[in-house]
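Input: a single structure, listed below in structure tokens.
The values are calculated or read from the model by the stated rules, or taken from the named source; none is laboratory data. The structure presented is a predicted model; accordingly, all values stated were derived computationally and were not measured. A quick note on method: Cβ atoms are made from the backbone with ideal geometry, for glycine too, and the neighbour counts reach across all protein chains shown. Please note that ligands, DNA and RNA were not included when accessible areas were found on the heavy atoms of the full protein model with its side chains. Shrake-Rupley method; radii C 1.70, N 1.55, O 1.52, S 1.80 Å.
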Amino acid sequence: MIQIKNLRKRYGKMEALKGLTLEIEKGTVFGFVGPNGAGKSTTMSILATLLEPTSGQAYVGGYEVTKSPKEVRKLIGYMPDFFGVYDNLTAEEYLDFYGANYDIPQAERKEIIPQLLELVNLSHKRDAYVDSLSRGMKQRLGLARCLVHNPEVLILDEPASGLDPRARIELREILKELRNMGKTIIISSHILPELAEMCDVIGIVEEGNLVAFGRVDEIYTRMQETKVLRIRLLDRFEEAMAHLQQKVNVSQVTHEGNWLVVGFTGDDQQQVELFHDLAVSGFPVAAFNEEQGDLEEIFLEITKGVGS
């Protein structure tokens, strides 16, 4: 659905994108991860036909964004990282205004708008003026605006920025529903754990370079050569430590209260075998689990040294 080939964008002497190349399949929720200034918004603006690249190509639904901008705009719904709402309109009037701009007949707009308000949980605010809405409600209204012409692709730049935890949860549930509807969605954020929950695939960008691309679990697996296992015992801690230190796939063992923290280089099957070995050896194992890192750790590891 989306193809980006060797995309570059230069602002004077500053190069915001440095040969970015990636492909996003139809129906994918893609998370664009990176700090401010990494090149996320520049890429999204190019895909939305709002900015021309210095070189390279970008395609949406087979249309090149600089050669066929009208066709691309029919396919996309773009939500920038600011509200972009008109305070003196009601929520219903706001959506009606944008529907008219997309040449949707009035009779059709009357059917679509209640459905959109229900989708984003704003049916009870249809007659409320935009300036009376909370930040989270304005974000959801902006999302409804993106959907008014039923686009195949949604480009959402920092949609969760500034939202409280409840508003983020509500937004995440709406995005899940849109994914179930078959929409291709690009979400940018520097709130990394949220993208792990919402996205099928993520791309990590730093200083205009794509430094990692793939499923969250795949990226985590590639980065984590050594797993951290936490084993809770009822007693016999010293014996268990000595026992584990003799295992080939155990790099180190430390003791924290009732827990043994084990550096482990084996695969999942070898992890099962280790648990079985402890049980057969008579150690009183009360809990055995793999400690999960988070996307912040992955991001810091992947981008280490980029641009230096």
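Observations, loosely collected:
- What the Cβ-Cβ distance of A100 and Q57 gives, at R0 = 35 Å and to the nearest 0.05, is a FRET efficiency of 0.60.
- At the residue level, H190 shows approximately 90 square angstrom of accessible surface with a 1.4 angstrom probe and all protein chains present.
- Between L50 and R232, the modelled label-to-label distance comes to 4.9 nm, taking each label 7 Å out from Cα in the direction of the beta carbon.
- Folded to 0 to 90 degrees: helix 91-101 orientation relative to the chain principal axis, Cα: 70
- Over the residues of the chain, the helix contribution to mean residue ellipticity at 222 nm works out to -11000 deg cm²/dmol, using -39500 (n - 2.57) for each DSSP H run of at least 4.
- Accessible area of H124 (1.4 Å probe, protein heavy atoms only, ligands and nucleic acids ignored): about 130 Å².
- Rounded, prolate or oblate (a/c below 1.5 giving rounded, otherwise prolate when a/b exceeds b/c) for the range 39-83 by Cα gyration tensor: oblate
- For the range 227-292, a/c is less than 1.5, where a ≥ b ≥ c are the root eigenvalues of the C-alpha gyration tensor. That puts it in the rounded class.
- Of all beta bridges that DSSP places with both ends in the chain, some 70 percent have antiparallel geometry.
- Principal-axis tilt of helix 165-180 within the chain, Cα atoms, nearest 10 degrees: 80
- Pairwise FRET efficiency - E256 versus S161, Cβ, R0 = 45 Å, nearest 0.05: 0.75
- Förster radius 30 Å - calculated FRET efficiency between Y129 and E152 (Cβ-Cβ, nearest 0.05): 0.40
- For S123, the accessible area of its heavy atoms, probed at 1.4 Å with every protein chain present, is near 60 square angstrom.
- Heavy-atom accessible area ranking, 1.4 Å probe, most first, across E173, E52: E52, E173
- Taking the longest Cα principal axis of the chain as reference, the axis of helix 106-119 is set at about 20 degrees.
- Solvent-accessible area assigned to carbon and sulfur over the chain amounts to 47 percent, based on a 1.4 Å probe.
- Gyration tensor verdict on the chain (Cα atoms; rounded if a/c is under 1.5, prolate if a/b is larger than b/c, oblate otherwise): prolate
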